[in-house]
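Scroll down for the structure; my scribbles are underneath it.
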Amino acid sequence: MRALLVAGALLALFPSSAAACTALPAPSATKVPIHRFKVDERTQRTVLRVCVHGHTVELARGRFREGRRRSSGVRVGAAGAAGHRVAWITERHRGGLRTSEVTLASVGRAVRVLRRFTVQRQRAHVSAQLDVLLTRAGDLAWTAGSYDDPKGVVAVKQPGRRLRRLDIYTGRPLALEDGRTLRWLSGDTSYDFFDLHPIDCRSRSRFTPYARNDRVLLTRAIYRPNHSEVSVVRGCDLATGRDRVLIENDSNIGVASDLTLIGLDRTWAVFRQDAGDGRGWDVSTLMLADVVTDRSPVIQRGTFPIAGSPFAVTDAGRGAWIVGGTLYATGRDYDVVALDSGGALTDLHAEGDALVWTRDGVLKRVR
């Protein structure tokens, strides 16, 4: 039996219900289910089918046996559709070598293979984590690899552009936000994003306003992967409409994590994260994130500000805050040092690279 079937004509023609296969033409980034049939404890058959004009078209099939030391056969891992095009990713095990391959085909009255290429090849006996995503604009993204394996891949090929490798680890599931932004789960609870096409950061439907001033806007989205709650905060530059992910906060059954926005100072956002086992906070970090640039220094030890604390951030990214009558600031190596205490400390702000405040009404300045 051939492990993988792809024909230039319809391979199977018989009536099929909508629940049995995905109908073409399909919306952008449609996930196409893979039919899986268990043969025995270690063997399964996989079949990929779509529906065209009320008939079923079988595009690929495989038979795979997972061994303790060496696996064999072919497995259809995932598929996606957009319009009359279908993309799928398979893995083949032979002689201890695992090869992952992506196929792109046009499916109508006939099946026409447009591209077929290898995306990963390595020695492994376990199954790879596989996924593929296809958009109406012709964007083709895929991922392949084993969990926590730096030889994995997340990549995308767009019409008229070179192939772009986005990650060296596998990342699934692949998803599309607003028809423009590719999203994948990197690890168990951390997300990565890539804009396939430009998007104004104020129009991201998945993200809602979190905080703003006259220069920047913070937006936030909540995801719930693997019994966790992940908060993703983006910083939007209102002058350009571009944004970037500033910070992610994961809270799950094992570790509770609390994210606090201390506030905004011009283009700088100051965040505090407190993590623990639910009975108390064991680890605290402070992040100073510049929305406009990639600067995001993280401070891991010291006396940190709390919500409502007076704070300021210089142009150079040095932070300062007042807690308990003491003025603290980040030093050259982003350690926390005490700058002033013992009087009435007020009017803390930044002027360029300088920190400015008053002590008992007397102006103080440190650069």
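Quick notes
- Where a residue in region 28-44 is in the same structural domain as residue 78 (by the TED database) and its partner, wherever it lies, is at pLDDT 95 or above and assigned to a loop (DSSP other than H, G, I, E, B), with Cβ under 7 Å and at least six apart: 28/135; 28/136; 28/179; 29/135
- Test for residue 304: is it within 13 Å of residue 272 (Cβ to Cβ) and in contact with a Gly (Cβ under 8 Å, 6 or more places away or on another chain): no
- In this structure, residue 155 qualifies as over 15 Å from residue 185 (Cβ atoms), within 16 Å of the chain's Cα centre (by Cα) and open to solvent by less than 30 Å² (accessible area, probe 1.4 Å).
- Of the strands (runs of 3 or more DSSP E) entirely within region 100-213, none holds at least 3 residues that are at pLDDT below 95 and not assigned by the TED database to the domain that holds residue 52.
- Some residue of region 194-207 being of a type in the set (Phe, Trp, Tyr) and surrounded by fewer than 17 Cβ atoms within 10 Å (Cβ to Cβ): yes
- Qualifying position, being on the phi > 0 side of the Ramachandran plot and either surrounded by fewer than 16 Cβ atoms within 10 Å (Cβ to Cβ) or assigned to a strand (DSSP E or B) (or both), among 62, 80, 67, 73: 73
- The set of residues in region 332-367 being in contact with a Gly (Cβ under 6 Å, 6 or more places away or on another chain) and open to solvent by less than 50 Å² (accessible area, probe 1.4 Å) consists of 336 alone.
- Yes/no for residue 183 being under 25 Å from residue 83 (Cα atoms) and out of contact with any Asp or Glu (no Cβ under 6 Å at 6 or more places or on another chain): no
- Failed item, numbered, when residue 202 is tested on (1) more than 19 Å from residue 296 (Cα to Cα); (2) out of contact with any Cys (no Cβ under 8 Å at 6 or more places or on another chain): (2)
The values are calculated or read from the model by the stated rules, or taken from the named source; none is laboratory data. Remember, it's a predicted structure, so these values are computed and weren't measured experimentally. All Cβ positions, glycine included, derive from the backbone under ideal geometry; neighbour counts span all protein chains shown. Note: accessible area is taken over every heavy atom of the protein model, side chains too, but ligands, DNA and RNA are not part of it. Shrake-Rupley method; radii C 1.70, N 1.55, O 1.52, S 1.80 Å.
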